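Bear in mind that the values in this text are calculations on the coordinates, not laboratory data. Being a predicted model, the structure only gives us computed values, none of them experimental. We place every Cβ from the backbone using ideal geometry, glycine too, and count neighbours over all the protein chains shown.
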Amino acid sequence: MPKQHLVFIDKEKWGRELISKSFFKQKLTFLTEFGHFGRIADATVLSVFINTVLNEAVLSKLPNLKFIAT
């Protein structure tokens, strides 16, 4: 199975550590703010906060996205 690219926005340090231990076989990206689309264009999973804006313009930049978690 190919690696999934999991992107997490605004995670606290303890959350990043826990996620890194749990998903160590996957490609992980942690961002403090949303908008670095060049780095995450191949993202398959996106974890955001409830107030993160995910509109058509944003989602169109993430063509491989399969799952969004809040």
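Which residues, taken from segment 1-21, are basic (K, R), within 13 Å of the chain's Cα centre (by Cα) and over 15 Å from L46 (Cβ atoms)?
R16, the sole residue that qualifies.
Count, please, the residues in segment 17-70 that happen to be without any contact (Cβ under 8 Å) to a residue 12 or more places away in the chain, hydroxyl-bearing (S, T, Y) and more than 18 Å from K3 (Cα to Cα).
1
Condition first: farther than 15 Å from A69 by Cα and touching a Leu at 6+ places or on another chain (Cβ under 8 Å). Now tell me which residues in segment 5-22 satisfy that.
Within segment 5-22, S20 is the sole residue that qualifies.
Among helices (runs of 4 or more DSSP H) lying entirely in the chain, which contain 1 or more residues that are of a type in the set (S, T, Y) and surrounded by fewer than 17 Cβ atoms within 10 Å (Cβ to Cβ)?
In the chain, 13-22 are the helices (runs of 4 or more DSSP H) which contain 1 or more residues that are of a type in the set (S, T, Y) and surrounded by fewer than 17 Cβ atoms within 10 Å (Cβ to Cβ).
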